[in-house]
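J.: So that we are looking at the same thing, I have put the structure below in structure tokens.
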Amino acid sequence: MRQGMQPGDMSPGPNMTMKHKTPDQLEEMHFRSVLERLSPNQGAQMLRYGWQREGVISLAQGEGSCKTPDFIADAAYKALQDGKTFYAPALGVPELRQEIANYYEHLMGISLPTSRIFATGSGTTAMHLALTSILEEGDEVVAVTPIWKNLLGAVELTQSKIVQVPLEAQEKGWQLDLEKLFDACTTKTKAILIVSPSNPTGWIMPEHEMKEVLEFARDRNIWIIADEVYHRLTYDRPYAPSFLEICEPHDRLFSVNSFSKSYAMTGWRLGWLVGLAESESVIRDIALYDNMGPPTYAQYGSIESLRHGEAFIADQLKLWKINRDKLRAYFDSKGNILWPPSEATFYSFFKVEGEPDCLSLAKRLIDEAALSLAPGCAFGKCCSGWLRLCYAVSEDKMDEAIKRLDTVIG
Ligand SMILES: Cc1ncc(COP(=O)(O)O)c(C=O)c1O
């Protein structure tokens, strides 16, 4: 049983079911022993707990409340009608790979050959493809935290070890001490994992720090795995700096991306991966044995999102900025809440003075205020006491959520 949880509090997920078995029982069942060692997923447990309660406003999950725009859905529907219902190449239909190349050219002015671009069945799948192409049992991955829990789980599944390097929360924003990052690397370090913009903090790694990381990684033959899924969710610039802008084609880099957040397509399960020049055949092999590529018809929807999605991104950001400012004004009025400023994503990662136990606070919020937030301890070792709130909802919902929050922390 996890810290702070009571038996019967939550319906068990796969992870908890495993934990109810003794190692002997597991061995008897012939499941992989690594599953017994996966770190607990307190965020997922709390999410399920919130789902069980009537009338809960859930700001615990990382997605916007807008449905996918019609021009994207229509294109996928047309593709279905046109018979785009057959197997397609495992790395994506050529039109989509080309459209992703065009997107980078228009947005960042960088030229990427389609042989380095792989369409995937989600950002999560892109991450798994990248990790499983390089990690072996016993490797170490140095990850900047707080970090989206699923990425830690994805590394753990490869039987590599995660070494966490926490950002520091300062009044002016989250900061990374690069020396700490470099000191955490050993001869076993295979990769540095950086999520920028970060889920949950909204921290953006500045380009000059990216350059230092790249130099360090080049010297040590360490891979950089850059999760850039939130690169368009920026309030003060058109996009967040990308490792793709500074890396050469042969640098050991994987950049993970997704259609989920920018284009309100979380349920489509579509993403992409950009790899180094030598990676195409390796990623193709793994993709073939994985899902043989993303759904064919859906890829035609995502082509339209890249071609015509800019206005939609801007509209979403406008709404999220209103909510962000509302929340900032509310927190400022309380005086007992630390929310280091961030210029990206749709998350507030905050801490309430005098509330060190984020699991019990998250549970109280559900029980007493019907408001579900994600507990900070789900985002790494450093994050006990923090909460993550996703403000990508309607203004009315945001107003109601603030009222509910106030009944517990006010
Ligand atoms: C940092 C990060 N990477 C990847 C993903 C996965 O995105 P997708 O929906 O494409 O699997 C998420 C989803 O929340 C995320 O927060």
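J.: Helices (runs of 4 or more DSSP H) wholly in the stretch 203-314 with at least 2 residues that are at pLDDT 95 or above, open to solvent by less than 20 Å² (accessible area, probe 1.4 Å) and of a type outside the set (V, I, T) - which ones?
T.: 207-220, 296-308
J.: Filter the stretch 137-190 down to residues that are within 16 Å of the ligand (Cβ to nearest atom), part of a helix (DSSP H, G or I), without any contact (Cβ under 8 Å) to a residue 60 or more places away in the chain and open to solvent by 20 Å² or more (accessible area, probe 1.4 Å), then give me how many there are.
T.: The total comes to 1.
J.: Of all residues in the stretch 90-102, which are more than 16 Å from the ligand (Cβ to nearest atom) and in a helix (DSSP H, G or I)?
T.: Hits for the stretch 90-102 are P94, E95, R97, Q98, E99, A101, N102.
J.: Same structure, new question: Kindly evaluate A60 against the criterion of being more than 17 Å from I286 (Cβ to Cβ), outside any helix (DSSP H, G or I), modelled with pLDDT of 95 or more and within 16 Å of the ligand (Cβ to nearest atom).
T.: yes
J.: Here's a follow-up. Cβ contacts < 8 Å: first residue in contact (Cβ under 8 Å) with a residue 12 or more places away in the chain, restricted to the stretch 70-87; second residue assigned to a helix (DSSP H, G or I) and among the β-branched types (V, I, T), any location; separation 6+ or different chain. Result?
T.: Matching pairs, first to second residue: A75/I303; A79/T296; K84/T296; T85/T296; F86/T296; Y87/T296.
J.: Next question. Within the stretch 329-339, work out how many residues are open to solvent by 50 Å² or more (accessible area, probe 1.4 Å) and either farther than 30 Å from G354 by Cβ or touching a strand residue (DSSP E or B) at 6+ places or on another chain (Cβ under 8 Å) (or both).
T.: Residues meeting the conditions: 1.
J.: Please go through (1) assigned by TED's automatic domain parsing to the domain that holds E99; (2) surrounded by 20 or more Cβ atoms within 10 Å (Cβ to Cβ); (3) farther than 14 Å from R232 by Cβ; (4) within 16 Å of the ligand (Cβ to nearest atom) for S342 and return the number of the only condition it doesn't satisfy.
T.: So S342 meets the others, but not (1).
J.: Taking the condition in contact with a Pro (Cβ under 8 Å, 6 or more places away or on another chain), in the same structural domain as M265 (by TED's automatic domain parsing) and over 17 Å from S160 (Cα atoms), does T124 pass?
T.: no
J.: In the stretch 367-382, which residue that is in contact with a strand residue (DSSP E or B) (Cβ under 7 Å, 6 or more places away or on another chain) and over 17 Å from A154 (Cα atoms) is most open to solvent (accessible area, probe 1.4 Å)?
T.: In this case the residue turns out to be C382.
J.: Step by step: first the residues of the stretch 114-136, then only those that are over 24 Å from T189 (Cα atoms) and outside any helix (DSSP H, G or I), then the one that is farthest from the ligand (Cβ to nearest atom). Which residue is that?
T.: I117
J.: May I ask you to list the residues in the stretch 243-279 that are within 11 Å of the ligand (Cβ to nearest atom) and within 16 Å of M210 (Cα to Cα)?
T.: Within the stretch 243-279, V256 is the sole residue that qualifies.
The values are calculated or read from the model by the stated rules, or taken from the named source; none is laboratory data. This structure is a prediction, so every number in the text was calculated from the model and none was measured. Here the Cβ is made from the backbone with ideal geometry for all residues, glycine too, and neighbour counts use every protein chain on show. Just the protein is used for accessible areas: all its heavy atoms, side chains included, with ligands, DNA and RNA removed. Shrake-Rupley method; radii C 1.70, N 1.55, O 1.52, S 1.80 Å.
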